[in-house]
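S.K.: Next up is a structure, given as C-alpha cells.
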Amino acid sequence: MRSIWNGAISFGLVSIPVKLINATENHSVSFRQIHLSDGGRVRYRKVCELDGEEVTSAEIGKGYEDADGSVIPITDEDLGSLPLPTAKTIEIVAFVPAGTIDPLQMDAAYYLSANGVPAAKPYTLLREALKRSQKVAVAKYALRGRERLGMLRVVDDVIAMHGLLWPDEIRTAEDVAPEAGVKVRDAELDLADALMATLGEVDMDSLHDDYREAVEELVAAKAAGEVPQRAEPEDTGGKVIDLVAALENSVRAAKEARAGGEDAPVAKVTSMADHKGGKGSKGGSSTAAKKTTAKKTTASKAAEKKPAEKKTAASKTAASKTAAKKTTAKKSTAKKSTAKKSTEKKRTSTKSTPRKRASA
C-alpha cells in the first residue's frame, strides 16, 4: 500500500517516524458523462470568466471570496508562513476512553506504519500502551493544507487513525426528533426486544453491496449486446400499519428463518442475472425450479387422489357385498317361511284324513 503522508507521532518527548496509508477504498462503479446523441465524452474545461480563455493548472491559484463578492488572492507562500506545528507531526494531546468519542465525528480512516527500523520500538511501545489502557489517543495533524483532529486506536497489531471532525462542525439535532406526545407501551417494547434478540448478530464480512453487483451485471449484459429486463419497483412505504401486529409477524418470521422452516420468508435481492432467463442464468434456473415445483404439486395431488379412489372403490365393494348378504338373507327367510307353510299344510291334511275314514 502506498503512503500518502510521511511524518512522526509526537508522544511527549518520544518521536515515532510513521507513514500514513489509506485504510479504506471505494468500490463504487464510476460513470463518465457522455453526449447522448453520439456518445462522445463530455469534459470540463477551466475557463476564465473575464477573458473567456481556457487556463492550465499552472495558471490557477487560490482566492478567498469576501462577503461583498471581492476575491482576495492567497498564495502557497502565505499559507506556508503560518505557524502550523502539526505540519509534519501527529501531535497526541490526550488519552480518553473510546466511548467519549461521538461516532458522528468520525471521518476517513488510515493505518500508521512504522517508518524504518528505529521506529519499531517506540511504535510497539505506544501500541501496547494503548492496548493496556483500553483508551484511544486524541491528536492533531495537518493534511492537504489544513489542520485536522484525529483518534488513534489499535486494530490487530497496527495503530489506526480516524480523522475526526472538529466539534463545531457537528450540527445539532434540533427539530429532527418526532414531536412530543408519542408514547410507547411496555408490550411494544417487549416485542421490539424479542425481535432484536431473534435477529441476533451478523458477520460483518458477509455483508456486500448488492446494488454495485447489479450495476456490474447490467454493464456486462449491455456490453454483450443483451437488453436486460427491468425489475418492477416494490411498494415499500406510505402505509399505516398495526405496530404490534407488525412486530409479532416480524418476530415469527425471524424465528422461522433462524430455524430454517419451510414457510420462512427469505430476503431476496434481484440481480440482473435473474432477468436474463437464458441457459445457465439465474432466471433459467428459477423457471426450471417453478416447473419442478409444479410437477411435484401435480404428483402430490395425484398421489392424494389415488388413495381416495381406492377408498371409494373399497366402500362400493363393501356396500355391494352387504347388499348381496341382505338379499341372500331375505331369500333364505322366504324359503324357510315357504317350507314352514308347506309343513303346516301337510299336518293339517293328515289330521283331516282319518276323520273322513272314520265317518265312512
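S.K.: Considering only the stretch 73-90, state which residues are open to solvent by less than 80 Å² (accessible area, probe 1.4 Å) and free of Cβ contacts under 8 Å to residues at least 12 places away in the same chain.
M.R.: D78, G80
S.K.: On to the next question. Specify which of the listed residues (V219, V182, V176) is of a type in the set (A, V, I, L, M, F, W, C), modelled with pLDDT under 85 and out of contact with any helix residue (DSSP H, G or I) (no Cβ under 7 Å at 6 or more places or on another chain). Spell out how you get there, then give the answer.
M.R.: Numbers: V219 fails: modelled with pLDDT under 85; V176 fails: modelled with pLDDT under 85.
Step by step, each of V219, V182, V176 is checked, and only V182 is of a type in the set (A, V, I, L, M, F, W, C), modelled with pLDDT under 85 and out of contact with any helix residue (DSSP H, G or I) (no Cβ under 7 Å at 6 or more places or on another chain).
S.K.: Can you pull out the residues in the stretch 53-65 that are assigned to a loop (DSSP other than H, G, I, E, B) and either in contact with a Leu (Cβ under 8 Å, 6 or more places away or on another chain) or closer than 24 Å to G145 by Cβ (or both)?
M.R.: Taking the stretch 53-65 as the starting set, the residues that turn out to be assigned to a loop (DSSP other than H, G, I, E, B) are 53, 55-56, 60-61.
V55, T56, I60, G61, listed by residue number.
S.K.: I would also like to ask the following. May I ask you to say which residue of R153, R127 is without any contact (Cβ under 8 Å) to a residue 40 or more places away in the chain and in contact with a strand residue (DSSP E or B) (Cβ under 7 Å, 6 or more places away or on another chain)? Explain how you work it out, then say what you get.
M.R.: Details: R153 fails: without any contact (Cβ under 8 Å) to a residue 40 or more places away in the chain.
After ruling out the rest, the residue left standing is R127.
S.K.: Does the stretch 16-24 contain any residue that is under 30 Å from V155 (Cβ atoms), assigned to a loop (DSSP other than H, G, I, E, B), under 38 Å from the mean Cα position of the chain (by Cα) and among the small types (G, A, S)? So that I can check it myself, show each step before the final result.
M.R.: Within the stretch 16-24, the subset under 30 Å from V155 (Cβ atoms) is 16-24.
From the residues that got through so far, the ones that are assigned to a loop (DSSP other than H, G, I, E, B) too are 23-24.
Subsequent filtering for residues that are under 38 Å from the mean Cα position of the chain (by Cα) retains 23-24.
The next check asks that each one be among the small types (G, A, S); those that pass are 23.
Checked the stretch 16-24: at least one residue is under 30 Å from V155 (Cβ atoms), assigned to a loop (DSSP other than H, G, I, E, B), under 38 Å from the mean Cα position of the chain (by Cα) and among the small types (G, A, S).
S.K.: Right, next: Out of L50, L84, L36, I need the residue that is in a loop (DSSP other than H, G, I, E, B) and more than 47 Å from the chain's Cα centre (by Cα). Which one? Walk me through how you get there before you give the answer.
M.R.: On the way: L84 fails: more than 47 Å from the chain's Cα centre (by Cα); L36 fails: more than 47 Å from the chain's Cα centre (by Cα).
Being in a loop (DSSP other than H, G, I, E, B) and more than 47 Å from the chain's Cα centre (by Cα) holds for just one of L50, L84, L36, which is L50.
S.K.: Moving on to the next point. Could you list, ordered by first residue, the pairs with Cβ atoms under 8 Å in which the first is in the stretch 25-42 and free of Cβ contacts under 8 Å to residues at least 24 places away in the same chain and open to solvent by 100 Å² or more (accessible area, probe 1.4 Å) and the second is part of a loop (DSSP other than H, G, I, E, B) and among the charged types (D, E, K, R), at least 6 apart or interchain?
M.R.: Final answer for the pair search is R41/R32.
So that you can scan it fast, the table gives a plain yes or no per residue for (1) assigned to a strand (DSSP E or B); (2) farther than 20 Å from A23 by Cβ; (3) open to solvent by 80 Å² or more (accessible area, probe 1.4 Å):
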| site | (1), (2), (3) |
| --- | --- |
| A67 | no, yes, yes |
| I92 | yes, no, no |
| S113 | yes, no, no |
| T124 | no, no, no |
| R127 | no, no, no |
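S.K.: What single numbered condition from (1) under 25 Å from W166 (Cβ atoms); (2) open to solvent by less than 50 Å² (accessible area, probe 1.4 Å) fails to hold for K62?
M.R.: For K62, the failing item is (2).
S.K.: Testing A194 on (1) outside any strand (DSSP E or B); (2) open to solvent by 80 Å² or more (accessible area, probe 1.4 Å), one condition comes back false. Which one is that?
M.R.: (2)
S.K.: Name the one entry in E213, E256, E234, E201 that is of a type outside the set (A, V, I, L, M, F, W, C), at pLDDT below 80 and under 19 Å from the mean Cα position of the chain (by Cα). Give the derivation first.
M.R.: Numbers: E213 fails: at pLDDT below 80; E256 fails: at pLDDT below 80; E201 fails: at pLDDT below 80.
One residue alone meets the criteria, E234.
S.K.: For the list (1) among the acidic types (D, E); (2) over 30 Å from the mean Cα position of the chain (by Cα); (3) loosely packed, with under 12 Cβ neighbours inside 10 Å, I need the number of the one condition that E147 fails.
M.R.: (3)
The values are calculated or read from the model by the stated rules, or taken from the named source; none is laboratory data. Quick caveat: nothing in here was measured; it's all calculated off a predicted structure. Backbone-built Cβ (ideal geometry, glycine too); neighbour counts: all protein chains shown. Note: accessible area is taken over every heavy atom of the protein model, side chains too, but ligands, DNA and RNA are not part of it. Shrake-Rupley method; radii C 1.70, N 1.55, O 1.52, S 1.80 Å.
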